[in-house]
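The values are calculated or read from the model by the stated rules, or taken from the named source; none is laboratory data. As the structure is a prediction and not an experimental result, all values here were calculated from the model. In this analysis, Cβ positions are derived from the backbone assuming ideal geometry, glycine residues included, and neighbour counts consider all displayed protein chains. Ligands, DNA and RNA are stripped out before the accessible areas are found, and what is left, the full protein with its side chains, is counted by its heavy atoms. Shrake-Rupley method; radii C 1.70, N 1.55, O 1.52, S 1.80 Å.
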Amino acid sequence: MRQTTERVRLMLPCPPPEGGRAWGDYYFAQSLSEALNRIGVSTSLQFVTEREPASGIKGWIKRISFEPGVDLVIRGKAPFKRHWPRPIFIWLISQADKLTEKEISRARHIFVASPTYCAELQARGVSASLLLQCTDPTVFSPDKRRAELASDILFVGNRRKYAERNVVRELVEAELPIQVWGRGWSDLLPAAVFGGEHIPNHLLGGYYASANVVLNDHTDSMRKMGFLSNRAYDVLASGTSLVTERMDGVPAEFRDHIYLYDEGTAVDTVKRALRAPHRDRSDIAALVREHHSFDVRARVLREKIFGASVGSSKFGASTNTQSNTAKQAVRGGE
């Protein structure tokens, strides 16, 4: 990799990997970091457990940084404070209801993984642009299919205490042939349903590509605010049928390739997906892998943050931000 003065510290809303376990946000940042590195941007990671004290003189001093570069917050569950004088950018990928006004005012720019919420911020004069979630084609691809990994219905996700995954319960109660992977399920599910606590990320694409149907869900805030999860991109990149909630934020080019359910209709929707004739999904897999990859998103990020154009895609990103007047109104957050 060539030497560069373009440096990005990725601020993650999760702890570092421990004991062979890691949060999805870590793998997201790992793939983004590698994509940025490929176009000459140096990266480092900071985990939520490494945040400085929130207040007081010691916290203020520790948030002074003389290292060159910028901070990019991968905004999920946890916020980060700005390290003055480093500019701070935000990529809002979920839980927009927890984004504070202070974060908005301090951010140089906010990338938003929801057309609906992006438009809302822009209407307020906030410097914001659309940047949807994405996939890693080195992990997710139809050629990862393996007979020994086959399943009828696959769900991969930890049980959440703060937002129950009712769709899993509905399918289990309907006695559909679902296989569930994730932490927190072992004491709640029949042994024939529970696959295990963890699938290594480098093997996850094989499980997705080998399933007949992959089930997806969102928290209420993600669904209502139109934040389509990265699992949707991963599954479609794998060439597999996806079942998820009906919501805003589903890219137009995806809609013919997803089975959408409303409240109370998930069981019937999954049955319909299972009964559907086999369909070649190589075209949508190729489209997602080409236009919705971390490499594509990294180019957009680099161009916006550093003003360096290295190619673009018509899918998944928008350069529409705000008027000059509105920009002047938020310069206090720079």
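Observations
- Each residue was assigned an accessible area with a 1.4 Å probe, and for Phe80 the value is about 20 Å².
- The Cα atoms of the range 100-196 define a convex hull whose projected area, averaged across directions, is 9.6 nm².
- Residue ranking by accessible heavy-atom surface, 1.4 Å probe, largest first, among Glu245, Glu120, Glu263 comes out as Glu263, Glu120, Glu245.
- If a spin label sat at a point 7 angstrom from the Cα of Leu274 along the line to its beta carbon, the backbone N atoms of the range 173-187 nearer than 12 Å would be those of 173-179.
- Projected label distance in nm at Asp220 and Arg38, using a 7 Å step from Cα toward the beta-carbon: 4.0
- Residues Ser94, Ser186, sorted by accessible area with the largest first, give Ser186, Ser94 [1.4 Å probe; ligands and nucleic acids excluded].
- Straight-line cross-link reach from Lys224 at under 15 Å between alpha-carbon atoms covers these aspartates and glutamates, not counting any fewer than eight positions away in the same chain: Asp97, Glu120, Glu245, Asp248, Asp262, Glu263.
- Calculated FRET efficiency for the pair Ala174/Asp143, C-beta based, R₀ 45 Å, to 0.05: 0.90
- In sequence order, calculated HN-Hα J values of the range 288-295 (Karplus, 6.51, -1.76, 1.60; Hz; x Gly/Pro): 5, 5, 7, 9, 10, 9, 5, 4
- Summary of the geometry: the range 14-47 and the range 115-187, compared by the centres of their Cα atoms, lie 19 Å apart.
- Amide H contacts under 5 Å for His198, placed H, 5+ residues apart: Gly182
- Rounded, prolate or oblate (a/c below 1.5 giving rounded, otherwise prolate when a/b exceeds b/c) for the range 236-288 by Cα gyration tensor: oblate
- Share of pairwise Cα-Cα distances greater than 18 Å in the range 116-255 is 59 percent (whole percent).
- For the range 205-278, the Kirkwood estimate of hydrodynamic radius, built from reciprocal distances between every pair of different alpha carbons, is 12.5 Å.
- Accessible area of Arg159 (1.4 Å probe, protein heavy atoms only, ligands and nucleic acids ignored): about 90 Å².
- Sequence of Lys102, Lys161 when ordered by accessible area, the most exposed leading, probe 1.4 angstrom: Lys161, Lys102
- Heavy-atom accessible area for Glu303, with the other protein chains in place and a 1.4 Å probe, reaches approximately 70 Å².
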